[in-house]
Amino acid sequence: MSSCTPVSASSGESALQHAPLHPPSDWIQRWSHLVPTGARVLDVACGPGRHMRWFAELGFAVTGVDRSGEALASAARFGEVIEADIEGDIWPLAGRQFGGVVVTNYLWRPNFSDILASVAPGGVLIYETFAIGNESVGRPARAEFLLQPGELLGLCKGLRIIAYEDGFLEEPARFVQRIVARRETAPATELFRARLGRSV
C-alpha cells in the first residue's frame, strides 16, 4: 500500500460494524465555534473519527488523516480520510490549508511545522495532548510523547493565542497542555487601524 492512500467513504460500509466513539473532547467542543463558517476541518491522527463526527454534525466538511486503515474505515463515515504514516513518510497534505486544524492526544514534534502550515489565514488550531507529569498517573509516560512546560506556546509562535491551559485534569486523571491559536489574516496593527477607519 502507498504511504498516502485516500479511503472511500463507502469501502465495506455495508459489512462494517463500527465501534462506539468516545465523546468529543470538551476543549474541542468549547472552541469549535471559532472555526470559520463554511471552512474545511482537518483532524490529525483522527482515529475512528470522534472529532470528525463532531464537526460534520456542525455542518463542516471534514478531512481526517491516520495510519490505521481500521480506524479510518470508521472515520470515513464522516468525510474524507487519508491513510498515511505521518511520522515515517512525507506530510500527505502539503499545499492544503484548512479553516480548522484539530489535534488531540497526539504529539510528534517533527511534523508540528507541517500542522501549523495547514492552518489557513483566518483559521484556528485547536490542540490538546499530554504533558510532563502524566508519567505519574498513567500513559503515555515517555518524555518524547509529553509536552514540556509552556512548549505549546513556543510551538505556536506566530499565531495569535486565544486560549491556553497547562495542568492536571481529572476523570480520567491526566496532565495536559491545550491551546487555541488563530492565523491572522493581516498584522494586528493593520486590523486595528482598519477598525478605526484609518488608512494603513
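Going by the conditions given, is HIS33 in a loop (DSSP other than H, G, I, E, B) and either out of contact with any helix residue (DSSP H, G or I) (no Cβ under 7 Å at 6 or more places or on another chain) or at pLDDT below 95 (or both)?
When the stated conditions are applied, HIS33 does not pass them.
Evaluating ALA56 against the criteria (1) under 18 Å from LEU34 (Cβ atoms); (2) touching a Leu at 6+ places or on another chain (Cβ under 9 Å); (3) surrounded by fewer than 18 Cβ atoms within 10 Å (Cβ to Cβ) leaves one unmet condition, (2). On the stretch given as the stretch 59-72, residues that are out of contact with any Lys or Arg (no Cβ under 7 Å at 6 or more places or on another chain), surrounded by fewer than 21 Cβ atoms within 10 Å (Cβ to Cβ) and of a type in the set (Gly, Ala, Ser) total 4. Taken over the stretch 57-72, the residue count meeting the criterion of being within 16 Å of the chain's Cα centre (by Cα) and without any contact (Cβ under 8 Å) to a residue 24 or more places away in the chain is 5.
Under the condition of being assigned to a loop (DSSP other than H, G, I, E, B) and touching a helix residue (DSSP H, G or I) at 6+ places or on another chain (Cβ under 9 Å), which residue from the stretch 80-89 is surrounded by the fewest Cβ atoms within 10 Å (Cβ to Cβ)?
Looking only at the stretch 80-89, we keep the residues that are assigned to a loop (DSSP other than H, G, I, E, B), and these are 85-89.
From what's left, touching a helix residue (DSSP H, G or I) at 6+ places or on another chain (Cβ under 9 Å): 86-87.
Numbers: ILE86: 23, GLU87: 11.
It comes out as GLU87.
Summed over the stretch 106-141, residues that are surrounded by fewer than 18 Cβ atoms within 10 Å (Cβ to Cβ), of a type in the set (D, E, K, R) and outside any helix (DSSP H, G or I) total 1.
Number of residues in the stretch 57-79 that are small (Gly, Ala, Ser) and outside any helix (DSSP H, G or I) equals 6. The set of residues in the stretch 55-66 that are hydrophobic (A, V, I, L, M, F, W, C) and in contact with an Asp or Glu (Cβ under 9 Å, 6 or more places away or on another chain) comprises PHE55, ALA61, VAL62, VAL65. State yes or no: is ALA94 touching a strand residue (DSSP E or B) at 6+ places or on another chain (Cβ under 9 Å) and either in a loop (DSSP other than H, G, I, E, B) or within 19 Å of LEU42 (Cβ to Cβ) (or both)? Taking the combined requirement at face value, the residue does not satisfy it. Would you mind stating whether HIS51 is assigned to a helix (DSSP H, G or I), within 11 Å of the chain's Cα centre (by Cα) and within 28 Å of GLU165 (Cα to Cα)? It is true that HIS51 is assigned to a helix (DSSP H, G or I), within 11 Å of the chain's Cα centre (by Cα) and within 28 Å of GLU165 (Cα to Cα).
The values are calculated or read from the model by the stated rules, or taken from the named source; none is laboratory data. From a predicted model like this one, the values you see are computed outputs, not experimental measurements. Don't worry about glycine lacking a Cβ; one is built from the backbone with ideal geometry, like all the others, and counts go over all protein chains shown.
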